[in-house]
1. Given +1 on the Cβ of Lys and Arg, -1 on the Cβ of Asp and Glu, and no further charges, what dipole in debye does region 14-85 carry about its Cα centre, rounded to the nearest 20?
2. What ranking do R63, R39 get, fewest neighbouring Cβ atoms within 10 angstrom at the top?
3. Looking at region 23-58, which GluC sites (Glu not before Pro) are DSSP coil and have at most 16 other C-beta atoms within 10 Å of their C-beta?
4. Using θ = phi - 60° and the Karplus form 6.51 cos²θ - 1.76 cosθ + 1.60, what ³J(HN,Hα) does each residue of region 36-41 get, whole Hz, x for Gly and Pro?
5. Please report the net charge: other residues with Cβ closer than 13 Å to the Cβ of V34, K and R +1, D and E -1.
6. Given the convex hull of the Cα atoms of region 14-85, what is a quarter of its surface area in nm²?
Amino acid sequence: MPEHRPIGPSDLKVASTFGGGLALRPVEVSALHVVSTYRSPEQRPITLDTFKIARIENICGPRPVMVSDLHIDRTETAFGVRPVASNQIDDIPLVLMGYLD
């Protein structure tokens with residue numbers, strides 16, 4: 001590691017390191033469970049999750065569409081087919097607006 005790089009005191013608990021040369025990176029102790037990795041363009045972890053995929057859309061590459069209770073009002077095609085959901089988030093819209101003053 002270059003000597004001119006400042007390193008301060010920390011409670012970081014390093015479990016291991018990843019990479020090599022100047023790209024040696026610490027891996028922090030975590031509850032994440034890594035099930036696989038892929039390279040795009042660097043090595044990236046894939047963690048265990050409860051993300052439920054409804055289908056795969058092939059717009060600019062394969063992208064997952066997750067299961068959700070979000071109600072889609074319409075789709076816009078200006079920047080690809082994008083869902084537009086209702087902006088109604090509370091029974092009383094003024095609740096949120098009160099925080100914006």
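1. For region 14-85, the charge dipole is close to 180 debye.
2. Lowest to highest Cβ neighbour count: R39, R63.
3. E42
4. The phi angles translate into 6, 9, 8, 10, 6, x Hz.
5. Surrounding charge for V34 is -1.
6. The Cα convex hull of region 14-85, projected and averaged over all directions, gives 7.5 nm².
Coordinate-derived values only; no laboratory data. What you are looking at is a predicted structure, and each value in this text was computed from that prediction instead of being measured. When we count neighbours, we look across all protein chains shown, and the Cβ atoms used for this are built from the backbone with ideal geometry, even at glycine.
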